[in-house]
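These notes are about the structure you will find just below.
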Amino acid sequence: MAASMGTLKPFHHPIIENVDPAMSFQSLSFASSQLSGDKLMSPLSFCSRRFSSSKKAYHKRAAIIVSPKAVSDSSNSQTCLDPDASQSVLGIILGGGAGTRLYPLTKKRAKPAVPLGANYRLIDIPVSNCINSTISKIYVLTQFNSASLNRHLSRAYASNMGSYKNEGFVEVLAAQQSPENPDWFQGTADAVRQYLWLFEEHNVLEFLILAGDHLYRMDYEKFILAHREAGADITVAALPMDEKRASSFGLMKIDEEGRIIEFAEKPDGEQLKEMKVDTTILGLDDERAKEKPYIASMGIYVISKDVMINLLRQSFPAANDFGSEVIPGATSIGMRVQAYLFDDYWEDIGTIEAFYNANLGITKKPVPDFSFYDRSAPIYTQPRYLPPSKMLDADITDSVIGEGCVTKNCKIHHSVIGLRSCISEGTIIEDTLLMGADYYETNDDKLLLYAKGSVPIGIGKNCHIKKAIIDKNARIGDNVKIINIDNIQEAARESDGYFIKSGIVTVIRDAVIPSGTII
């Protein structure tokens, strides 16, 4: 029942693992790449020939797929990158702005540091996707409330990414002022521009630009391979979209080769209809192409190194944003900007409602919206060495329980219970996300708190909580009802310890809700 937590391990490339023992290892190693001095070269034809000639050897051992109802395995496809991604790609994860739409979850933390799925944080998604795609050089750019993000990344990845022969790292780059750039980050492109002096020192072919607040699982090696095979300057990850949701995204039009020829930011009416495209060009079948005749930008890009430097310094030195300025501008000056179809689960967790739905979506049966149970592409996080969760006479259905929880004679339905959560007897929790706690309190601590008239961390006795988000270290007293009894859609009660957005009650981190309170 507990969500599985990946622990970092040495990289194993899926092609290397499945190769016939009789084949020369050197034929697949980076040493076989073409080099010009110390500069990486990208021989596209070499990769396709190598893969074609060795295809039978790769598939001698067929992948065994377990039903997605239990555990999935995404390693049934092989990608041949030369040079490989660990040597030739630099990952750049953008931490986003102040996260005002996610407030109060972002009151004391950066958006990528918001807890997710009982055991994880949002930043674990793009970092894990990078690691699973053998991209081991990763920067995270942020400027708001970055203390908890820094702490999490250093605990989760600092000691696991680098070694004597592997120069991997995950590093946070905070906004800073300098004589050349006296201002803070003004947008996604400006953030990259301010650290371009550092990025260009890396001997890589491409920069992979990612967002720190998206929930999805993606093989970036396929993304990069498509970029190289198309000879593109920029490749944009594109999501097929139906008409109902299309007006909420930046849309793109493509030609018969998948090259982007037009952009429109959140169009509606006639402008929306004009953005319809034939999505079979990108690989959708006829039926799905009719259902989803639009393609939306996911805000994920592969940009060739020299192209990035030229765009940010020469062509558009004042542009602040990739999606609305740099990428459309690159198209207008004749650069090859290609679309890459990603037809799988993806969610931009930018609002309280989207965050709530994404978390509760992992409890869906028989197949969750997003699964943490993928053997070949696990989601990593910091190892906390917590004990197994303890259920004492608890009735738990359709829920995900994190590590180190203690539940006593309570009822939990369709909920996500975060690590170290303590839930007392008689309590009912429905359709709720509990983020848990950062530490345990001893019995002596609790007795002292009771003596002072305060409340221990966790959920007290005989409470009823429904359709709510309870942030970390919240203290909920006995006989508390958080059920939005008046069906209020929006309310800011920060002094009372909670907000209501889209009808979802969010109890603030470290808040104290006294016994007998009714919300």
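The values are calculated or read from the model by the stated rules, or taken from the named source; none is laboratory data. Since the model is a prediction, treat every value here as computed from it, not as a measurement. Neighbour counts run over all protein chains shown; Cβ positions are idealised from the backbone, glycine included. These area figures cover heavy atoms from the full protein model, side chains too; ligands, DNA and RNA do not enter into them. Shrake-Rupley method; radii C 1.70, N 1.55, O 1.52, S 1.80 Å.
Condition check ((1) among the polar types (S, T, N, Q); (2) open to solvent by 20 Å² or more (accessible area, probe 1.4 Å); (3) touching a residue at least 40 places away in the same chain (Cβ under 8 Å)) across all residues:
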site	(1), (2), (3)
A339	no, no, yes
F355	no, no, yes
G361	no, no, no
F372	no, no, yes
Y380	no, no, yes
L386	no, yes, no
K408	no, yes, no
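Tell me, yes or no, whether region 220-229 has at least one residue that is open to solvent by 20 Å² or more (accessible area, probe 1.4 Å) and over 30 Å from V172 (Cα atoms).
Residues of region 220-229 that are open to solvent by 20 Å² or more (accessible area, probe 1.4 Å), as a first pass: 222, 225-226, 229.
Checking the rest, the ones that are also over 30 Å from V172 (Cα atoms) come to 229.
Checking region 220-229: at least one residue is open to solvent by 20 Å² or more (accessible area, probe 1.4 Å) and over 30 Å from V172 (Cα atoms).
Go through the residues of region 447-455 one by one and say whether even a single one is assigned to a strand (DSSP E or B) and farther than 23 Å from G350 by Cβ.
Scanning region 447-455 turns up no residue that is assigned to a strand (DSSP E or B) and farther than 23 Å from G350 by Cβ.
Can you find a residue in region 432-441 that is more than 24 Å from S399 (Cα to Cα) and either open to solvent by 10 Å² or more (accessible area, probe 1.4 Å) or in contact with a strand residue (DSSP E or B) (Cβ under 9 Å, 6 or more places away or on another chain) (or both)?
Within region 432-441, one or more residues are more than 24 Å from S399 (Cα to Cα) and either open to solvent by 10 Å² or more (accessible area, probe 1.4 Å) or in contact with a strand residue (DSSP E or B) (Cβ under 9 Å, 6 or more places away or on another chain) (or both).
Hey, V512 hits all of (1) without any contact (Cβ under 8 Å) to a residue 40 or more places away in the chain; (2) open to solvent by 50 Å² or more (accessible area, probe 1.4 Å); (3) not aromatic (F, W, Y) but one; which does it fall short on?
(1) is the only condition that V512 fails.
Checking Y356 against (1) in a loop (DSSP other than H, G, I, E, B); (2) over 16 Å from I459 (Cα atoms); (3) modelled with pLDDT of 95 or more, which test does it fail?
Y356 satisfies all of (1) in a loop (DSSP other than H, G, I, E, B); (2) over 16 Å from I459 (Cα atoms); (3) modelled with pLDDT of 95 or more except (1).
Only one residue in S376, S415 is out of contact with any Pro (no Cβ under 6 Å at 6 or more places or on another chain), within 30 Å of S154 (Cβ to Cβ) and either among the hydroxyl-bearing types (S, T, Y) or modelled with pLDDT of 95 or more (or both). Which one?
Working: S415 fails: within 30 Å of S154 (Cβ to Cβ).
None of the others qualify; the one that does is S376.
Kindly indicate the residue of region 73-88 that is part of a loop (DSSP other than H, G, I, E, B) and of a type in the set (S, T, Y) and also modelled with the highest pLDDT among those meeting that condition.
Top of the filtered list is T79.
Does region 467-485 hold any residues that are open to solvent by less than 70 Å² (accessible area, probe 1.4 Å) and of a type in the set (S, T, N, Q), and which are they?
N473, N484
Could you please find all residues in region 388-406 being outside any strand (DSSP E or B) and open to solvent by less than 10 Å² (accessible area, probe 1.4 Å)?
Those that are outside any strand (DSSP E or B) and open to solvent by less than 10 Å² (accessible area, probe 1.4 Å): G402, G404, C405.
Output the number of the condition that Y345 fails; it satisfies all remaining conditions of (1) under 22 Å from S133 (Cα atoms); (2) open to solvent by less than 50 Å² (accessible area, probe 1.4 Å).
(2)
Kindly indicate whether E425 is open to solvent by 20 Å² or more (accessible area, probe 1.4 Å) and either closer than 30 Å to G503 by Cβ or in a strand (DSSP E or B) (or both).
Criteria met by E425.
Using the structure shown, decide if L434 is hydrophobic (A, V, I, L, M, F, W, C), closer than 24 Å to I518 by Cβ and modelled with pLDDT under 95.
In short, no.
Would you please name the residue that is most open to solvent (accessible area, probe 1.4 Å), looking only at residues in region 486-509 that are in contact (Cβ under 8 Å) with a residue 40 or more places away in the chain and of a type in the set (S, T, N, Q)?
Checked region 486-509; the qualifying residue most open to solvent (accessible area, probe 1.4 Å) is S502.
So how many residues does region 89-103 have that are open to solvent by less than 20 Å² (accessible area, probe 1.4 Å), aliphatic (A, V, I, L, M) and at pLDDT below 85?
0
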